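The values are calculated or read from the model by the stated rules, or taken from the named source; none is laboratory data. Predicted model only: the values in this text are computed from it and were never measured. Cβ sites come from the backbone with ideal geometry, for glycine too, and all protein chains shown count toward neighbours.
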Amino acid sequence: MKKQFSLLVIAGVLAAPVLAEGFYAGAEVGRTKMKSSEDADIKGNATNVGVFAGYQFHPNVAVEAGYRDLGKIKYSDSETYQGTTVTANASAKSRALHASVVGIVPVSDEFSLYGRVGVARVNVKTAGNISVSGAGVGNGMSIAGQDSFNKTKPMFGLGARYAVSKEFGVRAEYSQFGKIEGVKVSSFTVGGDYSF
């Protein structure tokens, strides 16, 4: 899925000379925050990277699609009681394909604010294990498990963009992907875009 989307973006860039004005493409990098509301809490931050492409058909409106690897977070905790230690380890990795409508509010010729509303197809892979060691447990014992699931969820984002030139701009954005099987996923990114 990731390779197919990347090829689509590359094909779009190569076809730039025949595209009408208003098309743009770019890349972004940032931090993802994942937090579980379950009893076995998973929480943490990870580096994310993404690519996107869109079409601004009106000074205040654009449509955009993208792929974002939201990264992997790990969590560990342990408790000791009467010489016996219980250790829990968990991890979650997620990625998303998303499409949205972007509303743009120009503040000046170079600077604008924007918001997006759309949908995201989010894939989350989780893994975890619990181990017990200490007095009365012998060599210890361990239980492990993993899961993977896909969900289509509403998403929204708020951001700001600065036009360095007519073709090139930089932007920063906060995005919220909602709660996926008890895991809340959000991200903050910075990136650049090129308009054809």
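Does Gly54 satisfy the condition of being on the phi > 0 side of the Ramachandran plot, surrounded by 15 or more Cβ atoms within 10 Å (Cβ to Cβ) and either in contact with a Gly (Cβ under 6 Å, 6 or more places away or on another chain) or not acidic (Asp, Glu) (or both)? Against the criterion (on the phi > 0 side of the Ramachandran plot, surrounded by 15 or more Cβ atoms within 10 Å (Cβ to Cβ) and either in contact with a Gly (Cβ under 6 Å, 6 or more places away or on another chain) or not acidic (Asp, Glu) (or both)), Gly54 does not qualify.
Against the criterion of being touching a Phe, Trp or Tyr at 6+ places or on another chain (Cβ under 9 Å), surrounded by 14 or more Cβ atoms within 10 Å (Cβ to Cβ), assigned to a strand (DSSP E or B) and among the β-branched types (Val, Ile, Thr), Val124 qualifies.
Ala46 meets each of the listed conditions (1) under 23 Å from Tyr194 (Cα atoms); (2) part of a strand (DSSP E or B); (3) at pLDDT below 95 apart from (1).
When Tyr162, Tyr75, Tyr114 are screened for being surrounded by fewer than 16 Cβ atoms within 10 Å (Cβ to Cβ) and among the aromatic types (Phe, Trp, Tyr), only Tyr162 passes.
Please verify whether Ser94 is within 19 Å of Asn45 (Cβ to Cβ), in contact (Cβ under 8 Å) with a residue 40 or more places away in the chain and either out of contact with any helix residue (DSSP H, G or I) (no Cβ under 9 Å at 6 or more places or on another chain) or not in a strand (DSSP E or B) (or both), treating the condition exactly as stated. So Ser94 fits the description; yes.
Just one of the listed residues (Gly138, Gly178) is at pLDDT below 95, surrounded by fewer than 17 Cβ atoms within 10 Å (Cβ to Cβ) and not in a strand (DSSP E or B), and it is Gly138. Across region 24-41, what is the number of residues that are at pLDDT below 95 and more than 16 Å from the chain's Cα centre (by Cα)? Going through region 24-41 one residue at a time, the tally reaches 5.
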